[in-house]
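Asker: Next up is a structure, given as structure tokens.
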């Protein structure tokens, strides 16, 4: 078999395969849709885990009394003169991975998870 016959054989096989263009036209949007769904699942799971960590940090800091500069302490008025209550708010900010480049910019948002944790501070007196 010479090179011309191999080339003709290859071209005839290529012309017989009619489903490639149609399947690629369907496959590309499906992959894009799959990546968007995976990105939403990852964002939701990261938000839930960051919320759990922020709440854990708030509880630990409220008990120990060791605060950071990003923590916020709110004084609560109490009708009881012997009870002085404080509420500790902690913040946690985490950036999200982008599986579909440009999706966040297209939607006009930020790829950031920002969660708060809250706990009542113990009296250390």
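Asker: Give me the strands (runs of 3 or more DSSP E) completely within region 58-125, filtered to those with at least 1 residues that are in contact with a helix residue (DSSP H, G or I) (Cβ under 6 Å, 6 or more places away or on another chain) and closer than 30 Å to residue 31 by Cα, ordered by residue number.
Answerer: It comes to 85-95, 112-121.
Asker: Quickly run through region 49-73 and pick out the residues that are farther than 12 Å from residue 116 by Cβ and either touching a strand residue (DSSP E or B) at 6+ places or on another chain (Cβ under 9 Å) or modelled with pLDDT of 90 or more (or both). Quick ask: steps written out before the conclusion?
Answerer: So in region 49-73, the residues farther than 12 Å from residue 116 by Cβ come out as 49, 52, 56, 59-69, 73.
The answer is 49, 52, 56, 59, 60, 61, 62, 63, 65, 67, 68, 73.
The values are calculated or read from the model by the stated rules, or taken from the named source; none is laboratory data. As the structure is a computational prediction, the values presented were derived from the model and not from experiment. Backbone-built Cβ (ideal geometry, glycine too); neighbour counts: all protein chains shown.
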